[in-house]
Amino acid sequence: MFNFKHEWIEKNVGLMLIATMIAISIGGLVEIAPLFFIKETVEKVDGVRPYTPLESRGRDIYVREGCYLCHSQMIRPFRDEALRYGHYSLAAESKYDHPFQWGSKRTGPDLARVGNKYSNDWHVQHLIDPKSMVPPSVMPRYPWLQTTALDYSDIAERLKALRQVGVPYSLTQGEYDRNVKDFGADVAATLHIPDAQKNLIAQAQSGNFDGDRSNVSEMDALVAYLQVLGTMVDFSKYDNDEFVKFR
Amino acid sequence: MSQQKPQTVQTTGHVWDEDLQEYNNPLPSWWLIGFYVTVLMSLIYWMIYPAWPVGKHFTTGFSTVTYINDKGAEKSSHWNTRAQLMKDMNEAALAQKPYFDKVTATPFEQIAKDPELTSFINSAGKAIFSDNCAPCHQSGGQGKVGHFANLTDDDWLYGGTHEKIQESIAKGRHGYMPAFKEVLNKEQLDNLAHYVASLSGEKADAAKVKAGDALFHGDAAACYYCHDNSGKGRQAMGSANLTDKIWLWADVPGQDSDEKKIEAIRLVIANGLTRGVMPAWETRLNPEQIKLLSVYVHGLGGGTK
């Protein structure tokens, strides 16, 4: 009858490839798939919203410059991390991140709650020359961010792409109304794709993140992004063990 | 290869390139036993800890963690890292409680008299300061001219008493001075810069100082409104003392010529100041930590009564 031989797989690269992929997928599926069904995976919590157009461009720059290679954005539920960085990260806090920036390398500190910890001025000086703020720092300099104008011509397309993968940016009146209901009118306005450019410029002007109102620089976007990290959830509204029940 | 092993062990039976074969030795028994022990251990783990998904939930295991939350309620949960963290924090808080209770209970002026408490504050304060304050105020608290206030001298923008320092840390500060380049012309700015330089004994042109004096105390520029008639500033609004040799924004000591010193002052007056942002820490640090830091900062060298 059917006589299985190792030799078939070992001598046939194509078959070997397919068999390997099947074996790995099983491992992945067993670990990942249940998380989509377990109801506690993503915590129920108020305040988490998608990034504004400016923050979203800042995040693109964060990814482009490879900041994630040295910085994680995932505070684990350990005592030393709680003392240094604050409340542990919730899954809900990165539900609109595509892809998330949890990272696994910490040459520098975790950035999940760096928002509002420093002033805009500090971030700007630190990104231009980290050693000028923290003398022993090994973080590289990013002086061009301050002098490079932000390219936001394609911001609507970028937000549309995120909308495709499920981030609730709105294109239609119906989606906009849904966002007003979910996030309130102020936030909903920043998520409306037809107004994306206008909103991006307005936020850069009023926030004046890079200390120079005359243009919208990449620094404006990156600092706007850093300043919102970890600030969306107001933990003072919850008991300090609120999120234990989601595990 | 002169000596070939005799063909006593089994091979897998595969033959490549005519004579390449693969031995099929049995695994060493110590290894096999180890393997089965780990399999057995996984069974025990499944029973103790959260393990298998079941529908919309999962098997939680029979191990539990008991902790006390911030409302003082004792709670119990199946074992998980978040509950375990609560328990760890409880235990740590318990160990530090005697000290923190003492920090909270002891009035500021008594703390310095208690050597044990002082040494606790110095070591705990240094750790909190390094994580949160040093990136701006630098590791010794000496600050940075042009950006961040010096905390080691006795020149305070907002006041150097324990209470004022505590307020600075908890609520944050934001110094604001308007830009004068649109209100005043170049000559007026120049005169003012000479006048301000003269206040702290820097070299300045006497005629310009006189004109600047009039501007400073007149209503067109109204510097006196914030910096006081004396030029010593008002701590209620954090306006700098202009009569001492300590500068935060205008880098006067860093300049090598008198003209450049005047220019540094002129630039500050022309452009105004909005960058002086000290974040509020009451959302990040708890009241005991803030009180502890106030004592630590007060003790860096410049604290006043």
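Here are some notes:
- Debye-formula intensities of segment A:111-217, expressed as log10 I(q)/I(0) at q = 0.10, 0.23 Å⁻¹, are -0.41, -1.20 (one equal scatterer per alpha-carbon, no solvent).
- HN-Hα J in Hz across segment A:113-127 - Karplus 6.51, -1.76, 1.60, θ = phi - 60°, x for Gly and Pro: 10, 7, x, 6, 6, 10, 7, 4, 4, 5, 4, 4, 4, 5, 6
- Site pair B:Asn185 and B:Thr304 shows an inter-label distance of 3.9 nm when each label is modelled 7 Å from Cα along Cα→Cβ.
- Evaluated with a Cβ-only charge set (Lys, Arg +1; Asp, Glu -1), chain A carries a dipole of roughly 440 debye about its Cα centre, given to the nearest 20.
- Summed over all non-identical Cα pairs, the Kirkwood treatment of segment B:148-305 gives a radius of 16.5 Å.
- With R₀ fixed at 30 Å, the C-beta to C-beta distance from B:Lys232 to B:Ala206 puts the FRET efficiency at about 0.85.
- Taking 7 Å steps out from each Cα toward its Cβ at A:Thr172 and A:Ala185 produces label points 2.4 nm apart.
- Pairwise FRET efficiency - A:Ala23 versus B:Asp154, Cβ, R0 = 51 Å, nearest 0.05: 0.15
- GNM result for chain A, Cα springs below 10 Å: residue of A:Leu90, A:Leu15, A:Leu191 fluctuating most strongly: A:Leu15
- For segment A:158-169, backbone phi angles converted through the Karplus equation (6.51, -1.76, 1.60; θ = phi - 60°) give residue-by-residue couplings of 4, 5, 4, 4, 5, 4, 4, 8, x, 6, x, 6 Hz, Gly and Pro being listed as x.
- 5 angstrom amide H check on A:Met74, placed H, neighbours 5+ away: A:Leu111, A:Ala112
- Residue by residue along B:81-88, Cβ atoms of other protein chains within 10 Å of the local Cβ number 6 on average.
- Cα centroid separation - segment B:230-305 against segment A:119-150, whole Å: 22 Å
- Working note: Cα gyration tensor of chain B, eigenvalues times five, square-rooted, sorted largest first, giving semi-axes of 67, 32, 18 Å.
- Hypothetical label at A:Lys237: residues of segment A:45-80 whose amide nitrogen lies under 12 Å (7 Å Cα-Cβ projection): A:45-49
- In Å, descending, principal axis extents of the Cα set of the protein assembly as shown: 112, 68, 61
- Centroid-to-centroid, using Cα positions, segment A:15-66 and segment A:161-196 are 22 Å apart.
- Loss of accessible area when A meets B, both sides summed, Å² nearest 100, probe 1.4 Å: 3400 Å²
- Pairwise Cα inverse-distance average, inverted: Kirkwood Rh of chain A (Å): 20.6 Å
- Pairwise alpha-carbon distances in segment A:1-130 exceed 24 Å for 50% of all pairs.
- Along the axis of the charge dipole computed for the protein assembly as shown (Cβ charges of +1 for Lys and Arg, -1 for Asp and Glu, origin at the Cα centre), the listed residues B:Leu273, B:Trp249, A:Tyr68 are led at the positive end by A:Tyr68.
- All-pairs alpha carbon distance profile, segment A:115-167, 5 Å steps from 0, percent: 4, 17, 15, 15, 13, 14, 14, 6, 2
- Lys pairs under 19 Å by Cα in segment B:56-124, provided they are eight or more residues apart or on distinct chains: 5
- At an R0 of 56 angstrom, the distance between the Cβ atoms of A:Trp144 and B:Asp19 translates into a FRET efficiency of 0.35.
- Karplus-derived 3J(HN,Hα) values for segment B:288-305, using 6.51 cos²θ - 1.76 cosθ + 1.60 with θ = phi - 60°, are 5, 4, 5, 5, 4, 5, 4, 5, 4, 5, 4, x, 6, x, x, x, 10, 7 Hz; glycine and proline are entered as x.
- Probe 1.4 Å, protein heavy atoms only - accessible area per residue of segment B:55-132 in square angstrom: 58 Å²
- Gaussian network model of chain B, springs between alpha carbon atoms under 10 Å - residue of B:Glu182, B:Glu109, B:Glu74 with greatest fluctuation: B:Glu74
- Excluding same-chain neighbours fewer than eight residues apart, the lysines reachable from A:Lys131 by a Cα-Cα span under 16 Å are B:Lys144.
The values are calculated or read from the model by the stated rules, or taken from the named source; none is laboratory data. None of these values were measured; they are calculated from a predicted model. Quick reminder, even Gly has a Cβ in these numbers, built from the backbone with ideal geometry, and neighbours come from all protein chains shown. Surface accessibility is based on the protein's heavy atoms, side chains included, excluding ligands, DNA and RNA. Shrake-Rupley method; radii C 1.70, N 1.55, O 1.52, S 1.80 Å.
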